[in-house]
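Student: Below you will find the structure I want to go over with you.
The values are calculated or read from the model by the stated rules, or taken from the named source; none is laboratory data. A quick note: this is a predicted structure, and the numbers were derived from the prediction, not measured. Glycine also receives a Cβ, built like all others from the backbone with ideal geometry; neighbour counts cover every protein chain displayed.
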Amino acid sequence: MHTPLLHYLDHRIALYVGDLTDHAVDAIVNAANSSLYGGGGVDGAIHRRGGPAILDACRAIRSSLWPDGLPVGQVAITVGGELPARHVIHTVGPIWGRHGGAEARLLADCYRNAIELAASLGLKSIAFPAISTGVYGYPPAEAAVVVSRTLAAVMREQPGITQLRLVFFDARQFDIFVAHQQFSD
């Protein structure tokens, strides 16, 4: 059982510190690379814990929907495999400084598109990592502003998503997000 450290937007958004792959929700979001074949960080952890069913589903997506790889900001859904989450929504975050100033829009797209996909499938609960703030170099304080503003807007549009979790790898990430978030609660 996980205990949220903070809540926002009438308790629909909750903040946690810990392992994203431990969360039993309808879907967790994978901060994937465009290949969808696994990698380091959150992506590697999800593939390791979820087992081969996730990789098999990613291969099927690559052979049908996204043969050149999943574009930045777009989403694709697979089974959860052996994870406690039923599904994994894969999204590719922007690499800081590599998108001609479109990084904020692309980061917002990751969150918005994942929530909209989950809602369209009737999913009620979703958990996110801090997309792009690790090896992709997005400054966590700037990401907090983009993410909180995006979530505030999208959650108003998607009342069917009753539980959204932001799961931070460590207390430092959590503290930076809390200090810079701009939820209008």
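Student: What is the residue count in the stretch 39-51 for residues that are under 15 Å from the mean Cα position of the chain (by Cα) and without any contact (Cβ under 8 Å) to a residue 24 or more places away in the chain?
Tutor: Summing the residues that are under 15 Å from the mean Cα position of the chain (by Cα) and without any contact (Cβ under 8 Å) to a residue 24 or more places away in the chain in the stretch 39-51 gives 3.
Student: If I ask for residues that are of a type in the set (Val, Ile, Thr) and farther than 18 Å from PRO159 by Cβ, which ones from the stretch 93-133 would you list?
Tutor: Selection gives ILE95, ILE131, THR133.
Student: Name the single residue, out of those in the stretch 15-38 being within 14 Å of the chain's Cα centre (by Cα), under 20 Å from PRO94 (Cα atoms) and among the polar types (S, T, N, Q), that is modelled with the highest pLDDT.
Tutor: Here the residue is ASN30.
Student: Pull up the stretch 91-118, narrow it to residues that are within 16 Å of VAL79 (Cα to Cα) and among the small types (Gly, Ala, Ser), then point me to the one that is surrounded by the fewest Cβ atoms within 10 Å (Cβ to Cβ).
Tutor: Among those that are within 16 Å of VAL79 (Cα to Cα) and among the small types (Gly, Ala, Ser), it is ALA118.
Student: So, in the stretch 171-185, of the ones that are part of a loop (DSSP other than H, G, I, E, B) and at pLDDT 95 or above, which residue ends up surrounded by the fewest Cβ atoms within 10 Å (Cβ to Cβ)?
Tutor: So the residue we want is GLN182.
Student: Since GLY50 meets every condition but one in (1) surrounded by fewer than 22 Cβ atoms within 10 Å (Cβ to Cβ); (2) out of contact with any strand residue (DSSP E or B) (no Cβ under 6 Å at 6 or more places or on another chain), which condition does it not meet?
Tutor: It fails just one condition, (1).
To keep it simple, each residue is scored yes or no on (1) in contact with a Gly (Cβ under 9 Å, 6 or more places away or on another chain); (2) under 23 Å from LEU166 (Cβ atoms); (3) part of a helix (DSSP H, G or I); (4) hydrophobic (A, V, I, L, M, F, W, C).
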position	(1), (2), (3), (4)
VAL25	no, yes, no, yes
SER35	yes, no, no, no
ALA85	yes, yes, no, yes
GLY97	yes, no, no, no
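Student: Further, regarding this structure: Of all residues in the stretch 120-156 being among the small types (Gly, Ala, Ser) and part of a helix (DSSP H, G or I), which is surrounded by the fewest Cβ atoms within 10 Å (Cβ to Cβ)?
Tutor: Among them, the one singled out is SER120.
Student: Out of everything in the stretch 1-23 that is out of contact with any Asp or Glu (no Cβ under 6 Å at 6 or more places or on another chain) and in a strand (DSSP E or B), what residue ends up being surrounded by the most Cβ atoms within 10 Å (Cβ to Cβ)?
Tutor: This residue is ILE13.
Student: Considering each of ARG105, ARG149, ARG172 in turn, give the residue that is basic (Lys, Arg) and under 16 Å from HIS7 (Cα atoms).
Tutor: ARG149
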